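Contents: one structure, followed by commentary.
Readers should treat all values here as calculations from the given coordinates under stated rules, not as data from a laboratory. Note that the structure is a prediction, hence the values are computed from the model and not measured. Neighbour counts are summed over all protein chains in view; Cβ atoms, including those assigned to glycine, are modelled from backbone coordinates with ideal geometry.
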Amino acid sequence: MVFLFPFFPDDLICILAGLTDIPHRRFALIVLLTRHWGLLVASAMGASLFSLPTWALPLVAAVGVCLFVLGLCYGDKIQDWALARLHRNPKSKN
């Protein structure tokens, strides 16, 4: 989830991931699927392609915090569901 937020210290997360026992392929897949979205939003904001009104910034922050908390609470269930979908036999109808 942290790679989706622009301006988040995701380099620190990469360092911490290197100190854990997460498989390198899984971490690479996570980075490939998520990091570019945060970079895209940060680049668009920096290039002033779009700007948010002042009143919208707390709303964006609140949504970000809610997504972060949901990720903490339900991240394992979401991961299990996604892995089950990825590892399902394509010939089965379930």
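Summary table below
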| item | result |
| --- | --- |
| For region 67-85 versus region 26-46, the gap between their alpha-carbon centres in whole angstrom | 19 Å |
| For peptides 16-26, 61-71, sequence by mean Cβ density within 10 Å, most packed first | 61-71, 16-26 |
